[in-house]
Amino acid sequence: MTKQTDTQMSDSTWNNFKSAAKDAYADGKGETVQSQNGQTIIFTLPEQIGCLADALVMFKNRNVNLTHIESRISKTERGSFEFYVNVEENETAPKDISLLLEDLKKFAKNVTYDHEEALWFPSKISDLDRLSNRVLSNASELDTDHPGYSDPNYRARRKELAALAMEYKHGEPLPKIKYTQEEINTWDTVLSAVLKLHPTHACKEFLKIFPSCGYKLGTIPQFDEMSNFLKVRTGFTLRPVAGLLSARDFLCGLAFRVFFATPYVRHSKTPMWTPEPDVVREFIGHVPLLADPVFAQFVQELGLLSLGAPEEWIKRISRIYWFTLEFGMIHQNGNLKAYGASLLASFGELQHCISDKPIHHSFEPEKTSQTSYPIEEYQPQYFVFESFAKATKKVKQWATAIPKPQSIRYNAFTEGIETLEDKERIMNLIREMKCDMDRVEDAIQKVH
Ligand SMILES: [Fe+2]
């Protein structure tokens with residue numbers, strides 16, 4: 001995926017939830033709640049002396065400021081009161097509110113929060129089914145400046161491939177796609193062009209893996225071939241997606257080592273340029289480095305950082321994604337080399353990026369995450385890694401500032417995200433790590 005957007009939860013989602021929450025409070029009978037700024041929490045408490053006071057202490061303990069509170073007798077829970085509370089928005093609110101919600105859920109019933117969707121994240125790999133179809137644009141509704149806008153055949157083909165991606169569910173065989181001769185010609189044009197530049201412009205990790213990908217002229221590989229290729233090397237898999245996802249949804253997949261990839265091919269009249277991701281760029285640009293273990297770790301870290309992160313931090317992580325996975329460069333043996341997919345699959349920008357026209361900065365997560373970029377022209381600046389391992393370390397250090405209620409880890413055995421929220425889980429992790437360390441110690445002794 002290339003064209004990242006700083007998409008937040010859409011206004012319609014926000015408004016739908018807010019009105020749904022208010023409707024729930026109003027019991028669908030036309031009662032309205034006074035409009036307030038900030039965020040809304042609704043919960044139900046039993047009619048007991050001191051119950052509300054105890055709840056309010058939880059707000060105070062979590063540093064969440066109330067700006068408005070209303071109560072009424074519950075129409076659904078006998079002997080209970082419903083509370084509608086507005087709370088102040090601030091920089092640390094997501095972490096504090098998340099902790100508060102955990103507290104409230106142990107104490108109150110029907111706890112509802114109007115930013116719940118932002119806090120929710122998939123905890124198991126099959127949960128990706130919930131977000132994989134939330135594409136930002138309809139496959140057949142191309143922008144007026146899209147090369148395929150006035151081509152009805154192209155639009156129909158896009159619709160057909162989008163449907164295949166939309167139907168896919170985790171665990172099913174990946175769809176087989178019979179690419180047309182026109183599509184294969186486009187693949188051939190791009191592949192034969194970039195192959196001329198890779199030896200001098202691509203990083204050594206890419207060059208080492210690329211021959212194993214099996215790319216050749218005259219055929220576009222199938223999703224299952226390339227997904228299996230990755231699976232046995234780094235555990236990454238490809239999942240077809242109908243179009244662009246929000247940054248948050250796309251990054252979620254990376255946490256599970258799932259890469260959302262588009263199955264369609266750019267329009268044949270502009271084989272060397274596309275305004276969006278396509279299968280040519282996914283396969284030629286992304287797949288080789290996702291097969292490198294150190295780089296794969298970096299990519300998964302970006303995904304893990306995004307889970308449950310506040311929207312402002314999603315923007316920052318997605319900018320790092322842009323300047324690394326898409327347009328990343330690295331110093332190797334005193335030379336600038338490319339490792340970003342949008343460079344390695346672009347004959348023009350691959351030459352531009354190592355020229356003296358753009359500015360080359362050292363990769364510093366804080367600076368990179370604050371830098372905006374153009375999406376339809378060559379990048380005027382790039383951020384350069386010293387190594388993948390050092391970059392991963394830098395990003396992890398930078399990410400300690402992300403306000404999150406709990407530490408999380410990916411469990412490769414269960415393909416799920418674990419929150420390290422209690423002593424037992426942390427102890428289990430320590431036991432696993434000790435087992436691994438014993439193996440490392442044994443291996444070192446055998447080496448010497
Ligand atoms: Fe991409």
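The values are calculated or read from the model by the stated rules, or taken from the named source; none is laboratory data. Just so it is clear, the model here is predicted, and its values are computed rather than measured. No Cβ is skipped: glycine too gets one built from the backbone with ideal geometry, and neighbour counts run over all protein chains shown.
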Residues located in the range 334-348, provided they are away from the ligand (no atom under 16 Å from the Cβ), in contact with a helix residue (DSSP H, G or I) (Cβ under 8 Å, 6 or more places away or on another chain) and in contact (Cβ under 8 Å) with a residue 60 or more places away in the chain: K337, F347
Unique residue being of a type in the set (K, R) and free of Cβ contacts under 8 Å to residues at least 60 places away in the same chain when the list is K315, K394: K394
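Within the range 260-282, track down each residue that is among the aromatic types (F, W, Y) and within 11 Å of the ligand (Cβ to nearest atom).
Within the range 260-282, the subset among the aromatic types (F, W, Y) is 260, 264, 273.
F260, the sole residue that qualifies.
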Go through the range 190-226 and count every residue that is among the polar types (S, T, N, Q) and in a helix (DSSP H, G or I). 3
All conditions in (1) of a type in the set (V, I, T); (2) buried (at least 24 other Cβ atoms within 10 Å of the Cβ); (3) under 26 Å from H361 (Cα atoms) are true of I284 except (2)
Those residues that are assigned to a helix (DSSP H, G or I), of a type in the set (S, T, N, Q) and either touching a strand residue (DSSP E or B) at 6+ places or on another chain (Cβ under 7 Å) or surrounded by fewer than 19 Cβ atoms within 10 Å (Cβ to Cβ) (or both), I need them from the range 137-189; list them, please. N153, Q181, N185, T189
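Matching residues to (1) closer than 28 Å to L101 by Cα; (2) out of contact with any strand residue (DSSP E or B) (no Cβ under 8 Å at 6 or more places or on another chain):
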residue	(1), (2)
I317	yes, yes
P380	no, no
T392	no, yes
F413	no, yes
G218: touching a Lys or Arg at 6+ places or on another chain (Cβ under 7 Å) and either in the same structural domain as L350 (by TED's automatic domain parsing) or at pLDDT 95 or above (or both), yes or no? no
For H331, which of the numbered conditions (1) of a type outside the set (V, I, T); (2) farther than 30 Å from S123 by Cβ; (3) buried (at least 19 other Cβ atoms within 10 Å of the Cβ); (4) away from the ligand (no atom under 16 Å from the Cβ) fails to hold? (3)
Conditions (1) out of contact with any strand residue (DSSP E or B) (no Cβ under 9 Å at 6 or more places or on another chain); (2) among the hydrophobic types (A, V, I, L, M, F, W, C); (3) within 20 Å of A255 (Cα to Cα); number of the one not met by V287: (1)
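With respect to T324, determine if the residue is within 16 Å of the ligand (Cβ to nearest atom) and either touching a residue at least 60 places away in the same chain (Cβ under 8 Å) or not aromatic (F, W, Y) (or both).
Values: within 16 Å of the ligand (Cβ to nearest atom): yes; either touching a residue at least 60 places away in the same chain (Cβ under 8 Å) or not aromatic (F, W, Y) (or both): yes.
Here the answer is yes, as T324 does meet what is asked.
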Conditions (1) over 19 Å from K396 (Cβ atoms); (2) within 16 Å of the ligand (Cβ to nearest atom); (3) of a type in the set (S, T, N, Q); number of the one not met by Q351: (2)
Residues A296, A255: which one is away from the ligand (no atom under 16 Å from the Cβ), in the same structural domain as N133 (by TED's automatic domain parsing) and touching a Ser or Thr at 6+ places or on another chain (Cβ under 9 Å)? A255
Within the range 355-369, is there a residue that is within 16 Å of the ligand (Cβ to nearest atom) and within 29 Å of T189 (Cα to Cα)? no
Evaluate the range 385-394: report whether one residue or more is assigned by TED's automatic domain parsing to the domain that holds E301, closer than 11 Å to G328 by Cα and aromatic (F, W, Y). yes
Wholly within the range 336-441, helices (runs of 4 or more DSSP H) carrying at least 3 residues that are surrounded by fewer than 18 Cβ atoms within 10 Å (Cβ to Cβ): 347-353, 388-398
Every pair of residues 6+ apart whose Cβ atoms lie under 9 Å, when the first sits in the range 201-227 and is hydroxyl-bearing (S, T, Y) while the second is loosely packed, with under 15 Cβ neighbours inside 10 Å and at pLDDT 95 or above: Y215/L195
Given the criterion assigned to a helix (DSSP H, G or I), of a type in the set (V, I, T), closer than 30 Å to K124 by Cβ and in contact (Cβ under 8 Å) with a residue 40 or more places away in the chain, identify the matching residue among V280, V299. V299
Selection status of L304, within 17 Å of the chain's Cα centre (by Cα), more than 13 Å from the ligand (Cβ to nearest atom) and not in a strand (DSSP E or B): yes
